[in-house]
Amino acid sequence: MELENLKPARGAVRSVRRIGRGPGSGRGKTAGRGHKGAKSRSGYSRRPSFEGGQMPLVRRVPKRGFHNKFGKQLVTVNVRDLEGFADGTVVTPDLVLASQRVRKLGDGVKILGDGELTKKLVVQAHFFTSGARAKIEAAGGRVEVVKA
């Protein structure tokens, strides 16, 4: 048995319906296209969103809001989340990701000041709030801003 000898089972492939071959075929004259109109013409193709001439859904639904295409998707980490690291650790965005405190890094990590910190850490992130910066430095740690 060779690939070129393979063919489908009998009856599995139906023969093509031959349209426009006379009135006796049941598909003669207009060949199932009806009379006149765009759909009867050759070369007709309907766009996917066409709804028969009524106002399409995408134009009926009101548009709201604004999407800033230059906006950054920042991931936020609170000071309380840094408490889990050992004393003296250099906390980098990659370490925060590896420790599963965030799901993805996005365009940068921002440290927020919610919670308390007792460990002395060196925290590297893209952005810090003033409260977070004060709490990290008050605990004896250091803040380092990294560029994205």
Could you list, in sequence order, the residues of the range 121-138 that are closer than 17 Å to L95 by Cα and among the polar types (S, T, N, Q)? Q124
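Answer yes or no as to whether K104 is assigned by TED's automatic domain parsing to the domain that holds A134, in contact with a helix residue (DSSP H, G or I) (Cβ under 8 Å, 6 or more places away or on another chain) and either in a strand (DSSP E or B) or not small (G, A, S) (or both).
Details: assigned by TED's automatic domain parsing to the domain that holds A134: yes; in contact with a helix residue (DSSP H, G or I) (Cβ under 8 Å, 6 or more places away or on another chain): yes; either in a strand (DSSP E or B) or not small (G, A, S) (or both): yes.
It is true that K104 is assigned by TED's automatic domain parsing to the domain that holds A134, in contact with a helix residue (DSSP H, G or I) (Cβ under 8 Å, 6 or more places away or on another chain) and either in a strand (DSSP E or B) or not small (G, A, S) (or both).
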Out of (1) exposed (fewer than 13 other Cβ atoms within 10 Å of the Cβ); (2) farther than 30 Å from P48 by Cβ, the odd one out for H67 is which? (2)
Taking the criterion of being loosely packed, with under 10 Cβ neighbours inside 10 Å, of a type in the set (A, V, I, L, M, F, W, C) and on the phi < 0 side of the Ramachandran plot, would at least one residue in the range 18-30 satisfy it? no
Filter the range 77-113 for residues that are touching a Phe, Trp or Tyr at 6+ places or on another chain (Cβ under 9 Å) and either of a type in the set (G, A, S) or surrounded by fewer than 16 Cβ atoms within 10 Å (Cβ to Cβ) (or both); the one that is farthest from G140 (Cα to Cα) is G108
Counting only residues in the range 1-43 that are of a type outside the set (A, V, I, L, M, F, W, C) and in a helix (DSSP H, G or I), the one nearest to the chain's Cα centre (by Cα) is identified as K39
If D94 satisfies every condition in (1) touching a residue at least 24 places away in the same chain (Cβ under 8 Å); (2) closer than 15 Å to L74 by Cα; (3) not in a strand (DSSP E or B) but one, which is the exception? (1)
Let me confirm something: among G52, G115, which residue is more than 30 Å from A132 (Cα to Cα) and over 22 Å from the mean Cα position of the chain (by Cα)? G52
Per the filter on the range 44-86, residues part of a loop (DSSP other than H, G, I, E, B) and in contact (Cβ under 8 Å) with a residue 24 or more places away in the chain are K72, Q73, E83, F85, A86
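The values are calculated or read from the model by the stated rules, or taken from the named source; none is laboratory data. From a predicted model like this one, the values you see are computed outputs, not experimental measurements. Quick reminder, even Gly has a Cβ in these numbers, built from the backbone with ideal geometry, and neighbours come from all protein chains shown.
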